[in-house]
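Below you'll find the structure, written out as structure tokens, and then a few comments.
The values are calculated or read from the model by the stated rules, or taken from the named source; none is laboratory data. No experiment lies behind these values; they were computed from the predicted model shown. Glycine gets a Cβ as well: all are built from the backbone with ideal geometry, and neighbour counts include every protein chain shown. Note: accessible area is taken over every heavy atom of the protein model, side chains too, but ligands, DNA and RNA are not part of it. Shrake-Rupley method; radii C 1.70, N 1.55, O 1.52, S 1.80 Å.
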Amino acid sequence: MECLLRSYWNPSVLLFFSLLLWRACEARTGADSRPNILILMADDLGIGDVGCYGNVTIRTPNIDRLAKEGVKLTQHIAAAPLCTPSRAAFMTGRYAVRSGMDSANFFRILFWIGGSGGLPPNETTFAKVLQQQGYTTGLIGKWHLGVNCESHTDHCHHPLNHGFDYFYGMPHTLLNDCQPGKPSELGLVLRYRLWFCTQMIALAVLTAVLVKLTGFCPFSWKMITSLALFGILFFISWYSSYGFIRYWDCLMMRNYEVTEQPMKVERAYSLVLKEAVSFIERSRRGPFLLFVSFLHVHTPLVTSERFVGRSQHGLYGDNVEEMDWMIGQILDAVDKEGLQNNTLTYFASDHGGFLEAREGDAQLGGWNGIYKGGKGMGGWEGGIRVPGIFRWPGVLPADTVIDEPTSLMDIYPTAIHLGGGKVPQDRIIDGHDLMPLFQRKVKHSDHEFMFHYCGIYLHAVRWHQKEVGAVWKAHYTTPVFQPEGAGACYGRRMCPCVGEHVTHHNPPLLFDLSRDPSESKPLSTATEPQFDTIIKRIEQAVEEHRKTLTPVPLQFTWWNNIWKPWLQPCCGTFPMCWCD
Ligand SMILES: *[C@@H]1O[C@H](CO)[C@@H](O)[C@H](O)[C@H]1NC(C)=O
Ligand SMILES: *[C@@H]1O[C@H](CO)[C@@H](O)[C@H](O)[C@H]1NC(C)=O
Ligand SMILES: *[C@@H]1O[C@H](CO)[C@@H](O)[C@H](O)[C@H]1NC(C)=O
């Protein structure tokens, strides 16, 4: 006993204990100041589909609760009106053109898991920075930013190569093609072009062979053979679009392992929910980053029996209400672990609702409220203005509405700063830290100009002229609506960004969103005395912006976006890829 007491008072033991105590305190305060980050992202959800954004007939009590307990952004803008580019910008905090993740042709998204395009390995996602800061990072749900580059095992674009410790979900996106009996979604877009290219290449090869045999051909046999192989790839890609999309694109992975191929879409929602909840449970000691990237509310709107027929808005409304219920379950898991005050929760949609998604009279896409246009439609507000809600009880004010322009790219510096990290200094980051705005340390957001791209083409620019409170938007190019006035490109699957189906405007169409959020009355020199000055200022900003762009390899080229059998993730022996 005496010995024990003596050793107790030994100075080095004392030092040891006080050090321990100090470490423990440091760890506590450290954990307190670094929140968990929970991101809930809907796919294709319109801003008009959510209760707290003014929808009185659709029930989204859980999303509404987030708004009640946090900050609701009314001018939250996606960097692109389409999945892949918008998500690339979201993950990197940079316009998709900076990483080559936007389109210069008719391929506006990545079509195949077996393609070689995707988020370049040298891009740094916020997940990667948080991972380096000691966060446990997980992605549950949709990725759609590519998988492989050169072989089916390199996983160069895979979430695990972009800062996530854990991935469970679809490396691609949900599609009609994933549910047997639904009209093909991808096939329609792809087939015609692929078949056309196959024929053209075949013709070119034949001509080259004939000319070569007569002796006048400047091409070598090696070149002709390469061209022929290229043609064969196009042919396989075309052939695969019949019935094979389900096998090649509709699969679930856990980390690098394919767990279901083709996946059973009916049970995906419950697996996503289960995985999200168990990630929270096992990471409760924190800090963690969990990105739940819902397969909802993308077509084919797979909805569980409990929710079918429950809403007033058909299958689409049912699917929205099911997603809201899932959000409630995930928030409950956070509460159950006592983490609500230690977690920054963020809800958003990747872009606006899909107006062209309809079957007969049934509307299968979202509603963008008072905003014009929707998914895919260049710079029109309906495609890019999305719900955006942040909650962090005790730190962010509750029940607060902020009308300042903000971007989905803002999560990048915001999350990194909260995690104690530094944004990369060797590249341009287009997002801005939102905490000063949320905590009312500044009156205005840092976004003065925002650039609205359609593919790699700049369609419109927004200028927040802070001194006068105006939000100008100039459209240089707009998609042609078919039929004119209906607000959607019916008859086509999606509005294109270039070519004969867009209109160029010179002078640009100008609106003041603060007075005319529906972009219904273009201003002119007669109705807006400042017209010329405004256009000039915007043009100057475009010029400055252009100077910051550097050419990078494009990820959506034909070559990157055709199906390459040797890149296809497969759970059996290729081509017998099926597992459950
Ligand atoms: C609510 O959402 C549904 C489904 O998208 C839509 O049809 C309806 O017009 C919306 N209602 C309002 C008031 O925005
Ligand atoms: C969380 O923070 C809120 C607001 O500061 C407070 O009212 C509540 O009691 C806290 N809850 C827990 C579980 O600490
Ligand atoms: C990534 O690599 C590409 C091509 O090698 C290059 O053009 C681009 O600038 C690089 N990006 C960054 C952020 O370093």
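Taking the condition of being open to solvent by 60 Å² or more (accessible area, probe 1.4 Å) and part of a helix (DSSP H, G or I), how many residues in the range 520-544 meet it? Working first, answer last.
Keep residues of the range 520-544 that are open to solvent by 60 Å² or more (accessible area, probe 1.4 Å), which gives 520-522, 525-527, 529-530, 532-533, 536-537, 539-540, 543-544.
The next check asks that each one be part of a helix (DSSP H, G or I); those that pass are 532-533, 536-537, 539-540, 543-544.
So the count comes out to 8.
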Q. Looking only at the range 200-234, which residues are part of a helix (DSSP H, G or I), within 25 Å of THR557 (Cβ to Cβ) and touching a helix residue (DSSP H, G or I) at 6+ places or on another chain (Cβ under 7 Å)?
A. ILE201, ALA202, ALA204, VAL205, ALA208, ILE224, LEU227, ALA228, PHE230, GLY231, PHE234
Q: Check the range 188-203 and report whether any residue there is farther than 22 Å from TRP112 by Cβ and among the hydrophobic types (A, V, I, L, M, F, W, C).
A: yes
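Taking SER304, is it polar (S, T, N, Q), more than 30 Å from HIS475 (Cα to Cα), away from ligand 1 (no atom under 16 Å from the Cβ) and not in a loop (DSSP other than H, G, I, E, B)?
Values: polar (S, T, N, Q): yes; more than 30 Å from HIS475 (Cα to Cα): yes; away from ligand 1 (no atom under 16 Å from the Cβ): yes; not in a loop (DSSP other than H, G, I, E, B): no.
The answer is no for SER304.
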Q) If you take the residues in the range 545-558 that are open to solvent by 90 Å² or more (accessible area, probe 1.4 Å) and part of a helix (DSSP H, G or I), which one is nearest to ILE456 (Cα to Cα)? A) ARG546
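Are there any helices (runs of 4 or more DSSP H) wholly within the range 44-134 with 3 or more residues that are within 16 Å of ligand 1 (Cβ to nearest atom) and at negative phi, and if so which?
Working: elements: 61-68, 83-92, 96-99, 126-132.
It comes to 61-68.
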Q | Residue match in the range 178-188 (condition: touching a Gly at 6+ places or on another chain (Cβ under 7 Å), of a type outside the set (Lys, Arg) and either away from ligand 2 (no atom under 16 Å from the Cβ) or in the same structural domain as GLY231 (by TED's automatic domain parsing) (or both)) | A | no
Q: Considering every residue within the range 199-209, establish whether at least one is surrounded by fewer than 20 Cβ atoms within 10 Å (Cβ to Cβ), at pLDDT below 85 and small (Gly, Ala, Ser).
A: no
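Please go through the range 215-233 and pick out each residue that is over 24 Å from ASN105 (Cα atoms) and open to solvent by 90 Å² or more (accessible area, probe 1.4 Å). Write out each step before concluding.
The first filter runs over the range 215-233 and keeps only residues over 24 Å from ASN105 (Cα atoms), leaving 215-225.
The answer is PHE216, PRO218, PHE219, TRP221, LYS222, MET223.
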**Q.** Given (1) under 18 Å from VAL50 (Cβ atoms); (2) away from ligand 1 (no atom under 16 Å from the Cβ); (3) without any contact (Cβ under 8 Å) to a residue 40 or more places away in the chain, index of the condition ASP318 fails
**A.** (2)
Q | Selection from the range 449-480 of residues that are part of a loop (DSSP other than H, G, I, E, B) and touching a residue at least 24 places away in the same chain (Cβ under 8 Å) | A | GLY455, ILE456, GLY469
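Let's see how each residue does on (1) in contact with a Pro (Cβ under 6 Å, 6 or more places away or on another chain); (2) away from ligand 2 (no atom under 16 Å from the Cβ); (3) in a helix (DSSP H, G or I):
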position: GLN312; (1), (2), (3): no, yes, no
position: GLU322; (1), (2), (3): no, yes, yes
position: TRP325; (1), (2), (3): no, yes, yes
position: LEU331; (1), (2), (3): no, no, yes
position: ASP335; (1), (2), (3): no, no, yes
position: PHE354; (1), (2), (3): no, yes, no
Q) Of GLY138, GLY93, GLY134, which residue is surrounded by fewer than 22 Cβ atoms within 10 Å (Cβ to Cβ), under 29 Å from ARG282 (Cα atoms) and modelled with pLDDT of 95 or more? A) GLY134
Q.
Can you pull out every residue in the range 248-282 that is farther than 26 Å from ASN148 by Cα, open to solvent by 10 Å² or more (accessible area, probe 1.4 Å) and touching a residue at least 12 places away in the same chain (Cβ under 8 Å)?
A. GLU266, SER270, LEU273, VAL277, GLU281
Q | Search result, residues across the range 103-160 that are small (Gly, Ala, Ser) and closer than 22 Å to PRO565 by Cα | A | GLY114, GLY115, SER116, GLY117, GLY118, GLY146, SER151
(Q) Between ILE236, ILE245, which is surrounded by fewer than 20 Cβ atoms within 10 Å (Cβ to Cβ) and among the aliphatic types (A, V, I, L, M)? (A) ILE236
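For the condition touching a Ser or Thr at 6+ places or on another chain (Cβ under 9 Å), modelled with pLDDT under 95 and within 12 Å of ligand 1 (Cβ to nearest atom), what is the one hit in ALA357, ALA362?
Numbers: ALA362 fails: touching a Ser or Thr at 6+ places or on another chain (Cβ under 9 Å).
The match here is ALA357.
To keep it simple, each residue is scored yes or no on (1) closer than 26 Å to PRO159 by Cα; (2) within 16 Å of ligand 3 (Cβ to nearest atom); (3) assigned by TED's automatic domain parsing to the domain that holds LEU364; (4) out of contact with any helix residue (DSSP H, G or I) (no Cβ under 6 Å at 6 or more places or on another chain).
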position	(1), (2), (3), (4)
VAL297	yes, no, yes, no
VAL308	no, no, yes, no
GLN312	no, no, yes, yes
ASP318	no, no, yes, yes
Q) Scanning for something open to solvent by less than 10 Å² (accessible area, probe 1.4 Å), out of contact with any strand residue (DSSP E or B) (no Cβ under 6 Å at 6 or more places or on another chain) and at pLDDT 95 or above, does the range 450-465 turn up at least one residue? A) yes
Q) When GLN425 is evaluated against the numbered criteria (1) more than 23 Å from ASP64 (Cβ to Cβ); (2) surrounded by fewer than 20 Cβ atoms within 10 Å (Cβ to Cβ); (3) more than 16 Å from ligand 3 (Cβ to nearest atom), which criterion, by number, is the only one it fails? A) (3)
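Listed here are the residues, each with its yes/no results for (1) within 16 Å of ligand 3 (Cβ to nearest atom); (2) open to solvent by less than 10 Å² (accessible area, probe 1.4 Å); (3) under 25 Å from ALA88 (Cβ atoms).
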position	(1), (2), (3)
LYS336	no, no, no
SER349	no, yes, yes
GLU359	no, no, no
TRP367	no, no, no
GLY374	no, yes, yes
ILE384	no, yes, yes
ARG391	no, yes, no
Q: Go over the candidates ARG98, ARG59, ARG87 one by one and state the one that is among the basic types (Lys, Arg), touching an Asp or Glu at 6+ places or on another chain (Cβ under 9 Å), at pLDDT 95 or above and within 16 Å of ligand 3 (Cβ to nearest atom).
A: ARG98
Q. Among ASN341, ASN368, which is the only one that is more than 24 Å from LEU271 (Cβ to Cβ) and within 16 Å of ligand 2 (Cβ to nearest atom)?
A. ASN341
Q: Under 6 Å between Cβ atoms, at least 6 apart or on separate chains: pull out the pairs that start in the range 388-412 with a residue that is within 18 Å of ASP446 (Cα to Cα) and touching a residue at least 60 places away in the same chain (Cβ under 8 Å) and end on any residue that is among the hydroxyl-bearing types (Ser, Thr, Tyr) and buried (at least 18 other Cβ atoms within 10 Å of the Cβ).
A: PHE390/TYR346; GLU404/SER445; PRO405/SER445; THR406/SER445
